[in-house]
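Below is one structure, written out as C-alpha cells; the observations come after it.
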Amino acid sequence: MSLTQAARRTTEPARKPPERSASSTPAGPSGTNSRLLALRWLALRAVALVVLLAVWHLVVVAEVWPRVLVPSPGDVWHAFVQASTTHDGVRGYSGHLLIEHLGVSLRRIGVGTGYAVLVGVPLGLVIGVVKPVAVVLEPAVTFLRTLPPLAYLSLLVIWFGIDESPKIWLLVIAALPPVAAATAAAVRTVPGDLVEAARSLGGGPLTLLLAVRLPAALPEILTGIRIAVGVAYTSVVAAETINGVPGIGGMIRDAQRYNQTDLVIAGIIAIGISGIALDAALRGVERAAVPWRGRT
Amino acid sequence: MPRSDTATEDRRQPVIALDAVTVRYGTKRAPVTAVRDVQLTVAEGEFVVLVGPSGCGKTTLLRTVAGFERVAAGTVDVRERVGVVFQQPRLFPWRTVGGNIAFALARRGVPRPERAARVAELLERVGLPGTAGRRVWELSGGQQQRVAIARALATEPRVLLMDEPFAALDALTRERLQEEVRALAAASGTTVLFVTHSAEEAVLLGSRVLVMAAEPGRIVAELPVDLPREPPLAGHGLRGTPEFAALRQRLTETMRGVPEEVSEGVEAAPVP
Ligand SMILES: Nc1ncnc2c1ncn2[C@@H]1O[C@H](COP(=O)(O)OP(=O)(O)O)[C@@H](O)[C@H]1O
Ligand SMILES: [Mg+2]
C-alpha cells in the first residue's frame, strides 16, 4: 500500500499483494529500447542548449542591447575562467576561486538545512501527533514559510551582526518550515493498519512514534528535506547580500556593484548547475534510504 | 450427529468471555450497530471459527476481542495475551523479514543478542527458513502472510486472533497455510479465534464454528465440529471423508438459512 493512502479499517475487498516475478524487471530488448529513448531525450536537451547559446550569441553580436548589459556566452565563459584561476597574482575573485565561493555557500546551505532538519523533524513529529501543539505552532510555521528571506534579514543583522550567524539563521528559518510541515503531514497519514499491527505486538506510544510513525513517514520527510535544501539554495543569495564574500551570493553581489554582468551570469549558472547536481544526489539518497517506496 | 465435546470444553478455563457486547460505529446521531448483544465464550485450547457473510460483524467482533474497539454495551474479558493476524500481512516495509519479527521480540523484552536465534527459529516454524535478511516486498503474498504469523507468534500469545488471514491467497497456498496453522495451534495448545466467510475453511479448521448473521451482527448458530484429526486424516485428508462433506453441507445450509429465518426483509447473503 502506498504511504499516502488513508488508513483503511476494514479488511475487504481482498487486495492481493503483488507477486514478484522475474518478468517484472526490465531486461532484454525492452531495456535497451528504453535506454535508447533516454539517450534520444538527452540529445534533444543538448540540441536545445546549443540553440539557446547560438541565439544568445547572435543577439549579442547584433548588439540589440549594450554589451555591458548582455554579455556574450564567450564573455561569460571568460569571466568563469578568470574567476576560477589565479591570474596576474590575483586569486579568482576577491581572493577566492569561484569554486571556493560556491563551496562556502554550500557549506552554509548544509549547516542551515542541517539545523533545520534537527529541529524540524522532531517539531513536525510533535505537531503531527499532539493536537494542541499543532493548533499553536502550525500557523506559526505557515507564517514563517510565507515570509521572503530578505524581509527578516534586516532583523537578523540587527540581532546577530554581519558575520556568519545571521546567514545561518536565515537559512535555518527558510529551511525549517518545509521540513516541519512535511514531517507533520507525513506522520498524520501513516497507515492506521501498520500502527494497529504494531500496537497488537505490544508497542507503547513512544515505540509507535519512533519505530512506526517515523520510519513510515520517512519517504515524505526526505522529500521535505529535499525541498528545504532547494529553499535554502534560493535563499543563500539573500543571506549573502551583506558581507557575503566569500560566498557565491556575495560574489554575485560584488560583481553587480562593479557592473560585471558576465560574472553575475557565470555565478547564476554555477548556482543553477550545482543545484541540479545536489537535487539529483538527494534523490539518490532518497531512493537508497527508502527502497520500499512504491513497492508495498 | 457426532458426540459434541462442548461439555468438556466448558469445564476448561475460559480465556475469552464476551457478555452482551454491542459495538457501534458512526456518529451519535447516525449510529451503525455492527454487533449487537453478543455472547461469546472461548475456552483454553479451543479453535473457534466465526463464519458469516461479509458485513455481518466478524471483523468488528475480532477487533473487540483484540481491544481495538470500544464497546457500546456489555463486557469484554480477555484473560491471556493475544496475537493478531490480519487479512493483509501488515509488515513494516522499512524492516527486513527478520526485522519485523525482531520488532515483536523486542516488545516482549527479548534481549538483543538472543533475537537472531529466535527469529531463525520462528521463521523455521512457518516454513521460511533462512529468509531473515530478505526485504518484505521480495516475498510473495503467501510468504508475507507466513512472516506475519511468525511475527504474531513471536509475542508468545496464548490466544491467536486471525481475521480471514488466507482470503487473499491462492488456493494452493491457502491449503498449505490452513494445515500449518491447525498443526501449530494443536502443537502449542494456543487458543485460536478465526474469522472466515468460507464454510469449507470453517469446518476444516474449527473445533467449534459460530455462525453470524448481519443487520445487526450477531451469533445465530453454533456447530460443534467433531471430526477425526489423527494423522491419516489430519489436514486436507479430512476433505475426502463423508463426515467432512456432511458437516460442511450442514454449515452451508445453516448460513444460507439464517438471514431469511431470523430477520425477515434482509436479502439473502451470498455464500461462497
Ligand atoms: N470503521 C467503521 N465505520 C463505520 N462502519 C463500520 C466500520 N467498520 C465496520 N463497519 C460496519 O459494521 C458492519 C460490520 O463490519 P465488519 O465487522 O467489517 O464485517 P465483516 O468483517 O463480517 O465483513 C458493516 O455493516 C460495516 O459496514
Ligand atoms: Mg471482515
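What average count of beta carbons from other chains do you get within 10 Å of the Cβ of residues in B:86-97?
6
Label separation (A:Ala46 vs B:Thr75): 8.1 nm, computed from points 7 Å beyond Cα along the C-beta direction. Relative contact order of the stretch A:173-296: 25 percent, from C-alpha pairs under 8 Å at least 6 residues apart in sequence. Report the FRET efficiency, 1/(1 + (r/R0)^6), for A:Ser94 and B:Glu138, where r is their Cβ-Cβ distance and R0 is 56 Å, rounded to 0.05. Efficiency computed from Cβ-Cβ geometry: 0.55. Based on DSSP H segments of at least four residues, each scored -39500 (n - 2.57), chain A has a per-residue ellipticity at 222 nm of -24000 deg cm²/dmol. Can you give the percent of C-alpha pairs in the protein assembly as shown whose distance is more than 32 Å? Of all Cα-Cα pairs in the protein assembly as shown, 60 percent lie more than 32 Å apart. Pairs of Cα atoms in chain A fall into 10 Å distance bins, from 0 up to the last occupied one, in shares of 6, 20, 24, 22, 17, 9, 3, 0 percent. Taking label points 7 Å from Cα along the Cα-to-Cβ direction, B:Thr41 and A:Ile162 give a separation of 8.7 nm. What the Cβ-Cβ distance of A:Trp56 and A:Val285 gives, at R0 = 35 Å and to the nearest 0.05, is a FRET efficiency of 0.50. Between B:Ala183 and B:Ala117, the C-beta separation translates, for a Förster distance of 22 Å, into a calculated FRET efficiency of about 0.45. The modelled label-to-label distance for the pair A:Ser154/B:Leu172, using points 7 Å beyond Cα in the direction of Cβ, is 7.6 nm. When the P(r) of chain B is calculated, the portion above 23 Å amounts to 54% of the C-alpha pairs.
Using equal-weight Cα scatterers in the Debye expression, the normalised intensity of the stretch A:169-296 in log10 at q = 0.10, 0.14, 0.15 Å⁻¹ is -0.47, -0.73, -0.79. The mean sequence separation of alpha-carbon pairs under 8 Å and at least six residues apart, normalised by the residue count of chain B, gives a relative contact order of 24 percent.
Using heavy atoms of the protein chains and a probe of 1.4 Å, the accessible area assigned to B:Val84 is about 20 Å².
The values are calculated or read from the model by the stated rules, or taken from the named source; none is laboratory data. Quick caveat: nothing in here was measured; it's all calculated off a predicted structure. Glycine also receives a Cβ, built like all others from the backbone with ideal geometry; neighbour counts cover every protein chain displayed. Ligands, DNA and RNA are stripped out before the accessible areas are found, and what is left, the full protein with its side chains, is counted by its heavy atoms. Shrake-Rupley method; radii C 1.70, N 1.55, O 1.52, S 1.80 Å.
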